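This report refers to the structure that appears directly beneath it.
The values are calculated or read from the model by the stated rules, or taken from the named source; none is laboratory data. Bear in mind that the values here come from a model prediction, so they are computed numbers and not experimental data. Positions of Cβ are generated from backbone atoms using ideal geometry, with glycine treated the same way; all protein chains shown enter the neighbour counts. Ligands, DNA and RNA are stripped out before the accessible areas are found, and what is left, the full protein with its side chains, is counted by its heavy atoms. Shrake-Rupley method; radii C 1.70, N 1.55, O 1.52, S 1.80 Å.
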Amino acid sequence: MTEILEKKTVRLHRAWPVAAVGFITLIGAAGFRSVPGVLLDPLHDEFGWSHATISAAVSINLLLFGLISPFAAALMDRLGLRRVVSGALLLIALGSGLTIFMTSSWQLLICWGLLVGIGTGSMSMTFVATITGRWFVQRRGLVTGILTAAGATGQLIFLPLIAALAGAYGWRVPALVAAASALAVIPLVLLFLRDYPSDVGLTAYGAPEGSTVGQRVETTGSSAVRAVTALWKAMHRPAFWMLAGGFAICGASTNGLIGTHFVTAAHDHGMPATTAASLLALVGLFDVGGTIASGWLTDRWDPRYLLIAYYSLRGLSLLVLPSLLGPSAQPSIWVFIIFYGLDWVATVPPTVALCREWFGVDGPIVFGWVFASHQIGAAFAATGAGAIRDAQGTYNLAWYLAGGLCAAAALMSASIGRKLAVAT
């Protein structure tokens, strides 16, 4: 009887605790990035710094969040997940904690721009690609979707908390809470996060017999050199340019355009700013479900077809958005918010899958460069849409241009092709 029970006992694969720690870490990373936006007005009121000066720290943070990614992925191969993630959390705690001693604006740029930017950039989407690429074969797309959704979950958790703390106790308390939260995650990382399944005598979850997925790969040389070398190799393949181009448009049509300008655009049509902000917050809520569903679909469908569908539908929704905006939240704008939320970062799981398919062990690093293009696209769109609004008094041209760009991204995705020879 005992033998029968032992055979029926199914032990939890170590991949799932690793993914759980990754989820918690990514929630924190998203929350830490969201703090400066909430503290913009309190910092302005206390120090008299211009909004442009404070926003410069946020811009540095966002830029590093994308540009650090490929180098962090290479560093994870060189030093290991635990060392890199623990170091990143320490940087975040240091950057956030030191802000309470600020007396000059340049210190804000160093603390929240440089230190927190490097820390959060080291735990961005390449961290997702590294975990899923090493620890999972089965359910890889689903886990990618869940970990990607951690970003939206982090904002949903931290934004109301930070805003409430700032309103009740001033901006220094939220800064210390962010620092303490970063430090609190480090023990979990050290206890449960492991670099490779082979380090604990396992194979990747769902790996077929004889598969090398999850086996430690020794790397030598500079991590920066490896990141640049991976980029150089990838640049010789058209698939890289199609993925990077599509993801740049993804960033432009989400964070850069909707994330930055939706509230102002809605207010231009008479909608109260509080109502518009609430609608934008709901995008993050529906983003969680949409990204997890996209990961589930990526395990079952050709990722190219998913990208074609996501970009096409996003483009169509942007083309009709000007006709949906009005002084109140009509059912039509609710439909747009729900749809856009489901589609917000649904592009991540299929993009990660294609980077892995085309670039093998360098897939996470290449995805880091693709993700950097996402942030660059977002920066250009944020600036460009603002310029259009200043010149024309309306955002309509920005919506139409973004809709056309999404159609181009769909065509790029269709031209990628498949490379089935890469081992999974």
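Numbers at a glance
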read-out: Any helices (runs of 4 or more DSSP H) falling wholly within segment 120-204 and containing at least 3 residues that are farther than 25 Å from Ile292 by Cβ and modelled with pLDDT of 85 or more; value: 172-192
read-out: Members of segment 185-195 found to be of a type outside the set (Val, Ile, Thr) and open to solvent by less than 70 Å² (accessible area, probe 1.4 Å), listed by number; value: Pro187, Leu188, Leu193, Arg194, Asp195
read-out: Tally, over segment 149-173, of residues that are in contact with a Ser or Thr (Cβ under 6 Å, 6 or more places away or on another chain) and either open to solvent by 10 Å² or more (accessible area, probe 1.4 Å) or basic (Lys, Arg) (or both); value: 3
read-out: Every residue from segment 276-312 that is open to solvent by 10 Å² or more (accessible area, probe 1.4 Å) and of a type in the set (Ser, Thr, Tyr); value: Ser278, Thr298, Tyr305, Tyr310, Ser312
read-out: Where a residue in segment 73-101 is charged (D, E, K, R) and its partner, wherever it lies, is in a helix (DSSP H, G or I), with Cβ under 7 Å and at least six apart; value: Arg78/Ser223; Arg82/Val189; Arg82/Leu190
read-out: Among residues of segment 225-256, those that are under 17 Å from Phe65 (Cα atoms), touching a Ser or Thr at 6+ places or on another chain (Cβ under 8 Å) and open to solvent by 20 Å² or more (accessible area, probe 1.4 Å), counted; value: 1
read-out: Those residues of segment 75-91 which are part of a helix (DSSP H, G or I) and either in contact with a His (Cβ under 6 Å, 6 or more places away or on another chain) or under 23 Å from Trp369 (Cβ atoms) (or both), in sequence order; value: Leu75, Met76, Asp77, Arg78, Leu79, Leu81, Arg83, Val84, Val85, Gly87, Ala88, Leu91
read-out: So Ser198, is it open to solvent by less than 20 Å² (accessible area, probe 1.4 Å), of a type in the set (S, T, N, Q) and under 30 Å from Glu357 (Cα atoms); value: no
read-out: Positions within segment 226-240 being within 24 Å of the chain's Cα centre (by Cα) and either assigned to a loop (DSSP other than H, G, I, E, B) or at pLDDT below 85 (or both), in sequence order; value: Arg226, Ala227, Met235
read-out: Residue among Leu319, Leu306 that alone is farther than 24 Å from Ala149 by Cα and touching a residue at least 24 places away in the same chain (Cβ under 8 Å); value: Leu319
read-out: Residue check, Ile258 under 19 Å from Ala381 (Cα atoms) and touching a Leu at 6+ places or on another chain (Cβ under 6 Å); value: no
read-out: Residue that is farthest from Cys406 (Cα to Cα) [pool: residues in segment 324-376 that are of a type in the set (Ser, Thr, Tyr) and open to solvent by less than 10 Å² (accessible area, probe 1.4 Å)]; value: Thr351
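Residue-wise test of (1) outside any helix (DSSP H, G or I); (2) crowded, with 18+ Cβ neighbours inside 10 Å; (3) under 19 Å from the mean Cα position of the chain (by Cα); (4) modelled with pLDDT under 80.
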{"site": "Leu5", "(1), (2), (3), (4)": "no, no, no, yes"}
{"site": "Trp16", "(1), (2), (3), (4)": "no, no, no, no"}
{"site": "Ala20", "(1), (2), (3), (4)": "no, no, yes, no"}
{"site": "Leu26", "(1), (2), (3), (4)": "no, yes, yes, no"}
{"site": "Arg33", "(1), (2), (3), (4)": "no, yes, yes, yes"}
{"site": "His44", "(1), (2), (3), (4)": "no, no, no, yes"}
{"site": "Asn61", "(1), (2), (3), (4)": "no, yes, yes, yes"}
{"site": "Pro70", "(1), (2), (3), (4)": "no, yes, yes, no"}
{"site": "Ala73", "(1), (2), (3), (4)": "no, yes, yes, no"}
